[in-house]
Amino acid sequence: MSLTSSNLWHIIHTMIAVCPKCDIGMFLLHFKEVEVDYCECCRGIWLDHGELKALIETTGSDAPDPFLRQLEQTGTPSPRSHCLCPRCDSKLHEFTVNKLVLNRCPRGHGLWFDADELQQLLTMFGASQTIAFLNDLFGTKPTTKTEETKP
Ligand SMILES: [Zn+2]
Ligand SMILES: [Zn+2]
């Protein structure tokens, strides 16, 4: 039995993504139709294009347009970052959302979040259900203060 080229493509396509920081294979976590690549070593998260919106919607939070537009902005190459896109090995570009520096693939494959950056981003936009879901998923207790002072 030999591999046909289409077999080979399938294998390559389903290969585990490599963490841009640690250069090791990441865990692929499935939630409904959303796939999240998670690095257990640095606790970073890779989201393919469109997966953030899907994740927010699937977990029952709102994804306001201004929020999503900020994530579509073009990044700039960073001289100090050596992170590579897990999909195409392009050097990730940086962009800023409310002082939070995030990384994106210049070819539009997706977004990279260092540990807790995704939670910080979601906090800015009040996607509390998504944060709760992520904390649950990764088994992390919220370390940041919870300022839920509802009457
Ligand atoms: Zn890592
Ligand atoms: Zn890429």
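Return yes when VAL101 is loosely packed, with under 15 Cβ neighbours inside 10 Å and more than 16 Å from ligand 1 (Cβ to nearest atom) and no when it is not. Judged against the criteria, VAL101 is a match.
So, in the stretch 66-75, of the ones that are surrounded by 10 or more Cβ atoms within 10 Å (Cβ to Cβ) and either more than 17 Å from HIS109 (Cα to Cα) or not acidic (Asp, Glu) (or both), which residue ends up nearest to the chain's Cα centre (by Cα)? Please lay out each step first, then the result.
At the first step, the residues of the stretch 66-75 found to be surrounded by 10 or more Cβ atoms within 10 Å (Cβ to Cβ) are 67-68, 70-73, 75.
The next check asks that each one be either more than 17 Å from HIS109 (Cα to Cα) or not acidic (Asp, Glu) (or both); those that pass are 67-68, 70-71, 73, 75.
Numbers: PHE67: 15, LEU68: 14, GLN70: 15, LEU71: 11, GLN73: 16, GLY75: 15 Å.
Here the answer is LEU71.
Rule-based calculations on the coordinates, nothing more; no lab input. Since the model is a prediction, treat every value here as computed from it, not as a measurement. Note that each Cβ is placed from the backbone with ideal geometry, even for glycine, and that neighbours are counted across all protein chains shown.
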